[in-house]
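Below: one structure, written as structure tokens.
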Amino acid sequence: MSSGGGSSLNSSSPLDPFDSSTPWSLVEDPANSSSEPVVQTVTPDLRPATTAVALQEVSPWDIALCVTGTLISCENALVIAVLFYTPTLRAPMFILIGSLAVADLLAGLGLILNFVFTYLIDSSVEFVTLLSVGLLISAFSASVFNILAITVDRYLSLYNALTYHTERTVTFTYVMVVFIWVSCLTLGLLPALGWNCLRDESTCSICRPVTKNNAVALAVTFLLVFALMMQLYLQICKIAFRHAQQIAVQHQFVAISTTKGVSTLSAILCAFGVCWLPFAMYSIVADSSYPVIYTYATVLPATCCSVINPIIYAFRNPDIQKSLWMACCGCVPSNLSLRPRTSSDV
């Protein structure tokens with residue numbers, strides 16, 4: 001995915017006979033016969049220079065994105081491995097955590113491939129450009145929508161606590177995951193289906209070859225998702241405080257647990273907003289004519305959200321922690337096994 005303001009165009013100018021940088025050579029005029037004096041004409045030497053090699057300078061921003069993509073890939077590959085090799089982790093919340101890990105893993109691989117396509121492969125080939133941007137759009141869209149799905153799951157687990165652990169919930173979770181991936185893959189295919197600015201650079205957004213209209217649509221969709229998440233988290237807090245008031249016997253314990261859960265949910269929402277809101281707002285107001293450094297400065301925090309996701313939604317979960325301890329050390333700490341499970345663990 002190339003940034004809109006950083007593309008360079010190669011221009012050619014007519015030969016200047018008085019330019020000292022233009023090489024010239026003496027060539028015999030073939031029209032002259034051997035009986036007449038030899039006439040030599042001066043012609044420019046247009047052969048390519050074999051000693052001059054144009055090397056593209058590597059941007060430190062692209063290096064940072066590639067390093068971030070590597071970290072994202074390693075973290076989420078570990079989460080996927082733990083979920084895959086632990087048969088007991090098949091509840092709806094673990095299905096959603098696994099789907100989020102797959103999305104973030106693809107996002108990390110997309111950042112690495114984007115670096116390879118930019119500096120090691122001819123990025124001017126349309127197929128390479130469309131493949132890179134399609135993978136990134138699909139992966140990051142799936143990551144955002146999976147976070148929304150986890151929020152919905154947390155709300156349903158509190159709102160319908162008695163019927164949450166039923167077969168119907170598992171079926172609903174699988175349907176939701178399939179719907180998310182079909183929608184996000186469709187979004188990723190849009191540039192390849194013609195919704196791109198490869199033929200008209202003036203319509204490009206801050207991320208080429210995504211058009212300005214498509215970027216605005218994606219940004220507005222994200223803002224709607226963020227608003228829905230805020231509403232759901234507000235309802236979760238209300239339900240948690242209501243439960244705390246109803247259980248008078250465990251008032252002290254529940255108050256502490258509820259306060260911790262609310263603070264955790266607030267931290268999750270703030271981290272999500274800090275990472276994605278700058279890029280979403282900038283995508284709405286900016287276009288390809290804006291300086292490329294502003295694009296990098298908003299894209300990098302957005303990618304860092306996929307670094308934080310495994311820590312928030314996977315590594316903090318006690319069941320996943322137990323599996324990690326068993327895989328690494330063959331034992332489980334006693335304080336971990338006695339830790340109570342709350343809605344803030346996911």
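Read the figures in this text as sums done on the coordinates, not as results from a lab. Quick caveat, the model's predicted, so the values are computed rather than measured. Neighbour counts are summed over all protein chains in view; Cβ atoms, including those assigned to glycine, are modelled from backbone coordinates with ideal geometry.
Can you list the residues, at least 5 places off or on another chain, whose amide H is less than 5 Å from the amide H of Cys207, using H built in the peptide plane?
Gly4
Counting other Cβ atoms within 10 Å, keep those with at most 13, restrict to DSSP loop, and tell me which chymotrypsin sites (Phe, Trp or Tyr not before Pro) in the stretch 115-166 are left.
Details: sites: Phe115, Phe117, Tyr119, Phe127, Phe140, Phe145, Tyr155, Tyr159, Tyr164; in loops: Tyr164.
Passing both the DSSP loop test and the Cβ count: no residue.
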